[in-house]
Every structure is written in structure tokens, then in C-alpha cells.
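See structure below.
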Amino acid sequence: MREHMPPSRFAKRSDVASVAVVAAHVALVVAPIYVTAALGLGWWLIPCWLWFGLTMNGLLNLMHETAHYHVFTNRAANDLFGRWVLGPLSLADFDGYRQRHWDHHRRLGQPDDPKLTYHTDIHGGHLLSLAFRCLTLVEAARKFRHQTDTHDDEPAPGNSLAWVLRVLVVHALFAGSLLAVAWATHRPDFWAALLSAVVAYGFIYVYGLAGLTVFAASLRAIAEHQIGPDDAAHVGAAALRNFSCNPLTRLILGAYGFGEHATHHQQPGIPYYRLQTATAELAAKDPAMAPTHGYWSTLATLARRPAPTSPARSTG
């Protein structure tokens with residue numbers, strides 16, 4: 001049975017603290033894009049691509065927390081940040097994402113669960129196939145179609161004209177800032193500055209997001225919800241797991257409470273920075289809630305053996 005834990009027991013922190021954390025994290029994630037704009041072509045392109053592409057998944061996690069109104073105490077501030085910063089940077093309609101995510105909570109593990117990624121087979125060579133589809137942008141195109149598809153019974157949540165206009169405005173400012181940084185370090189050679197800005201925007205940002213970030217987000221979702229040969233609790237066709245995270249896996253995969261994913265699904269009203277405390281309380285009563293395995297070990301287990309035909313344990 002799901003234990004009710006009143007959100008009032010896990011009060012939100014001050015907005016000053018949240019702004020400081022979020023600003024530092026955003027700066028860390030976008031730094032390699034601006035480094036590339038400043039330096040131009042060189043050996044640092046691949047490290048910067050990896051740096052941005054992998055850590056950008058953390059900002060997708062932050063968008064999730066914003067959709068739950070957990071980042072700032074004021075709901076309008078969460079909407080503003082999600083619609084004008086995180087959504088455009090992720091090339092996603094924030095309001096459509098919020099609708100699909102709440103549908104995922106309500107329909108977790110059911111046939112109409114809108115989150116499809118966790119069903120992806122990574123057994124054996126299928127993991128390499130997923131990596132290939134991500135790096136060739138096939139998965140990114142599929143995800144983009146999924147958020148803009150029109151269904152017979154309901155309008156697509158990703159076809160908002162306002163969303164498109166926000167993306168155009170934000171990306172015009174973003175590209176302009178990259179060109180300004182490139183010009184500051186390459187003048188008076190305008191073409192060298194333009195090339196640096198184009199590479200920073202096109203290769204580090206666009207390809208990093210559409211290739212590496214999609215791959216990292218896919219692996220995260222698979223680890224969190226794919227039923228495997230372990231004893232993870234489940235709801236329908238979806239597993240529920242909490243994870244043991246080191247600083248690197250916390251940064252790349254488990255940021256903003258995603259490491260405590262089972263707890264979040266049981267207690268969606270608790271802010272991410274209180275989830276470790278809530279997890280410890282739940283694990284004291286239910287050992288299945290204990291974060292005994294990490295993301296990588298879970299993925300390795302799922303990749304080595306096919307998922308069982310029927311889950312071993314269920315939770316409400």
C-alpha cells in the first residue's frame with residue numbers, strides 16, 4: 001500500500017537558495033557551448049560535446065521539477081522558467097510536456113501510458129542499436145513526432161503557436177549571444193567568429209541535445225521503469241526503483257530527485273531536495289524502496305538478460 005506523506009512535512013526551501021542552485025547548474029551545463037564559441041575548432045570539440053550532451057539531461061530533470069511546481073514557491077515563477085527557459089532550450093513545449101507527464105503519473109504501466117521509452121529493449125545488441133538510433137538522430141525525430149502527433153480523441157499537446165514563438169525568440173537570443181562571444185575572441189576575422197558560433201550552436205548544442213541527451217534520457221527512463229530480473233516493485237508494466245547515486249551519476253542521470261524515482265511516483269507532492277529523507281523513511285518500512293543499486297548496474301542487469309514475462313512484485 002502507498003503510504004501518504006503530507007507534503008507539509010517537507011516544506012519548500014527559499015527561492016534565493018533555488019535560484020542559486022539552478023543558476024549554477026544551468027551555467028555548468030551551457031558552459032561548453034560558450035567555450036567552443038570562444039575557442040573555435042580544436043581538440044576540445046568532443047569533450048565539450050560530451051560535457052554538454054550528457055549533463056543536459058539534468059536540465060530535462062529540472063524541467064520535470066518545474067512542471068511539478070517544485071523549483072520555486074510561486075507557481076507563476078515555475079511556469080515562466082519552464083516556458084521561457086527550459087522548454088525552449090530542450091526544444092519542447094513545456095505545457096505539452098507537463099500534460100504528458102501527469103498522464104504518465106496517472107497511467108503508469110498501463111497500455112495508454114504516454115511514456116514509451118522505458119519499454120525499449122536493450123538486451124544484447126539492442127543497446128548498440130539504441131545508441132546508433134540516438135547518434136543518427138532517429139530517436140530525436142521519433143520523440144519530436146510523439147510530442148506533436150495529433151490523436152483522434154484529444155488534441156496534440158505540442159502544437160502551440162506560442163511555444164513555437166517562444167522557441168524562435170529564445171534561440172535568436174541564444175545564437176546571438178554565441179556570436180557575440182565568438183566575435184569577442186576572433187575579431188576582426190568575422191568569418192572565423194561566425195564559424196565558431198555555428199559549430200558551438202550546431203554541433204555542441206543541437207547535436208549534443210538531439211544525440212547524446214536523448215540517449216542519456218532514454219537510459220535513465222529504462223533504468224527507472226523497465227521490468228527486469230530484479231525484485232523491484234512495479235505498477236502494471238512499469239517497475240519502480242530508487243537508485244544509489246555517486247556525484248557523477250547524480251549529475252548526469254539522477255539530478256533533481258530522479259535518483260529517488262520510486263519515491264517521487266509514490267509522493268509526487270514532495271520537492272526533489274526532500275526526497276532522500278522521504279526515501280529513508282519509506283525504506284525503513286519497505287526494503288524495496290531502499291536505493292541498493294545504481295543506474296549503471298541496473299542497466300547492465302537489464303542488458304544481460306531479457307525482462308521476465310511477468311513481474312515479480314507489485315505495489316499500490
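The values are calculated or read from the model by the stated rules, or taken from the named source; none is laboratory data. Bear in mind the structure is a predicted one, so any value in this text is a computation, not a measurement. Note: ideal-geometry Cβ built from the backbone for every residue, glycine included; neighbour counts use all protein chains shown.
Considered as a group, the residues in the range 13-43 that are of a type in the set (Ser, Thr, Tyr) and either part of a helix (DSSP H, G or I) or touching a Phe, Trp or Tyr at 6+ places or on another chain (Cβ under 9 Å) (or both) include one that is surrounded by the fewest Cβ atoms within 10 Å (Cβ to Cβ), and that residue is 34.
With surrounded by 15 or more Cβ atoms within 10 Å (Cβ to Cβ), in contact (Cβ under 8 Å) with a residue 24 or more places away in the chain, of a type outside the set (Ser, Thr, Tyr) and farther than 30 Å from residue 136 by Cβ as the only criterion, which of 221, 303, 288 stands out?
On the way: 221 fails: farther than 30 Å from residue 136 by Cβ; 303 fails: farther than 30 Å from residue 136 by Cβ.
Residue meeting the stated conditions: 288.
One residue stands out among those in the range 252-269 that are assigned to a helix (DSSP H, G or I) and among the polar types (S, T, N, Q): the one that is nearest to the chain's Cα centre (by Cα), which is 263.
Modelled with pLDDT of 95 or more and small (Gly, Ala, Ser): does that describe residue 236? It would help to see each step written out before you state the result.
Values: modelled with pLDDT of 95 or more: no; small (Gly, Ala, Ser): yes.
Here the answer is no, as residue 236 does not meet what is asked.
Which one of these is assigned to a helix (DSSP H, G or I) and surrounded by fewer than 20 Cβ atoms within 10 Å (Cβ to Cβ): 209, 178, 248? 248 is the lone residue from the list that is assigned to a helix (DSSP H, G or I) and surrounded by fewer than 20 Cβ atoms within 10 Å (Cβ to Cβ).
Among the conditions (1) touching a residue at least 40 places away in the same chain (Cβ under 8 Å); (2) within 17 Å of residue 144 (Cβ to Cβ); (3) assigned to a helix (DSSP H, G or I), the only one that residue 84 does not satisfy is (2).
Residue 48 satisfies every condition listed in (1) closer than 20 Å to residue 269 by Cα; (2) touching a residue at least 40 places away in the same chain (Cβ under 8 Å); (3) crowded, with 20+ Cβ neighbours inside 10 Å; (4) in contact with a Ser or Thr (Cβ under 7 Å, 6 or more places away or on another chain) except (1).
So that you can scan it fast, the table gives a plain yes or no per residue for (1) modelled with pLDDT of 90 or more; (2) charged (D, E, K, R); (3) within 26 Å of residue 219 (Cα to Cα):
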position	(1), (2), (3)
129	yes, no, yes
134	yes, no, yes
148	no, no, yes
151	no, no, no
156	no, no, yes
167	yes, no, no
172	yes, no, no
